[in-house]
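Peer 1: Have a look at the structure that comes next, please.
The values are calculated or read from the model by the stated rules, or taken from the named source; none is laboratory data. Computed from a predicted model, the values in this text were never measured in an experiment. For neighbour counting, all protein chains shown are included, and Cβ atoms are generated from backbone atoms with ideal geometry for every residue, glycine included. Just the protein is used for accessible areas: all its heavy atoms, side chains included, with ligands, DNA and RNA removed. Shrake-Rupley method; radii C 1.70, N 1.55, O 1.52, S 1.80 Å.
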Amino acid sequence: MIKTLLKIGIILVAAILGYNYFLGNPEEKAQSREIVGKVGDLGKDAWNLLKSERQKLKEGKYDGALEKLDGLYSNLRDKASELKDAGLLDRIDELNERRKELEQSLNKDAGELSADAKRKLDDLTAETEELMNEMEAQGQSAPH
């Protein structure tokens, strides 16, 4: 029931945004373009950050990667709040908990990740990328 209400809410917001974007008065059109631009910019920035971090992880550079993922999760949490999607927020919280566990492992092992922890970190970034793809698709359901 809650999922259905959230979906209806998202569709309603997208419909209002689309209507204002194309058929609204000049003020409404400007506001709609601003909202669409902000969502697009946030998605692009977060996507670029993830690509950069993933490349660093592949090169074996783990310094600060977990902290940057924390910042990314904060941005994603904000976007999920804008989309009013509790399911996305729960998934972001779960990914962040896994990030914290890896951070504790890194601190415990004097800054070195074990092979298992490296695999978990790679899995974490891959799942984050999947989540970002889903969020980007939801954010682009509104007209451009």
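Peer 1: Scanning for something closer than 17 Å to residue 131 by Cα, free of Cβ contacts under 8 Å to residues at least 24 places away in the same chain and surrounded by 12 or more Cβ atoms within 10 Å (Cβ to Cβ), does the range 21-36 turn up at least one residue?
Peer 2: no
Peer 1: Do we find that residue 5 is out of contact with any Asp or Glu (no Cβ under 9 Å at 6 or more places or on another chain), under 27 Å from residue 73 (Cα atoms), open to solvent by 100 Å² or more (accessible area, probe 1.4 Å) and without any contact (Cβ under 8 Å) to a residue 60 or more places away in the chain in this structure?
Peer 2: Considered against the rule, which asks whether it is out of contact with any Asp or Glu (no Cβ under 9 Å at 6 or more places or on another chain), under 27 Å from residue 73 (Cα atoms), open to solvent by 100 Å² or more (accessible area, probe 1.4 Å) and without any contact (Cβ under 8 Å) to a residue 60 or more places away in the chain, residue 5 comes out as yes.
Peer 1: Same structure again: Can you tell me how many residues in the range 31-61 are part of a helix (DSSP H, G or I) and either of a type in the set (A, V, I, L, M) or at pLDDT below 80 (or both)? Quick ask: steps written out before the conclusion?
Peer 2: Of the residues in the range 31-61, the ones part of a helix (DSSP H, G or I) are 31-58.
Now narrow it down to the ones that are either of a type in the set (A, V, I, L, M) or at pLDDT below 80 (or both): 35-36, 39-40, 42-43, 46, 49-50, 53-58.
The total comes to 15.
Peer 1: So, one more: Of all the residues that make up the range 62-75, how many are assigned to a helix (DSSP H, G or I) and open to solvent by 10 Å² or more (accessible area, probe 1.4 Å)?
Peer 2: Total satisfying the criteria: 6.
Peer 1: Evaluate the following for residue 91: is it open to solvent by 30 Å² or more (accessible area, probe 1.4 Å), in contact with an Asp or Glu (Cβ under 9 Å, 6 or more places away or on another chain), under 22 Å from residue 7 (Cα atoms) and modelled with pLDDT of 85 or more?
Peer 2: It is true that residue 91 is open to solvent by 30 Å² or more (accessible area, probe 1.4 Å), in contact with an Asp or Glu (Cβ under 9 Å, 6 or more places away or on another chain), under 22 Å from residue 7 (Cα atoms) and modelled with pLDDT of 85 or more.
Peer 1: Same structure again: Which members of the range 15-35 meet the condition of being farther than 21 Å from residue 83 by Cβ, within 27 Å of the chain's Cα centre (by Cα) and of a type in the set (A, V, I, L, M, F, W, C)?
Peer 2: 30
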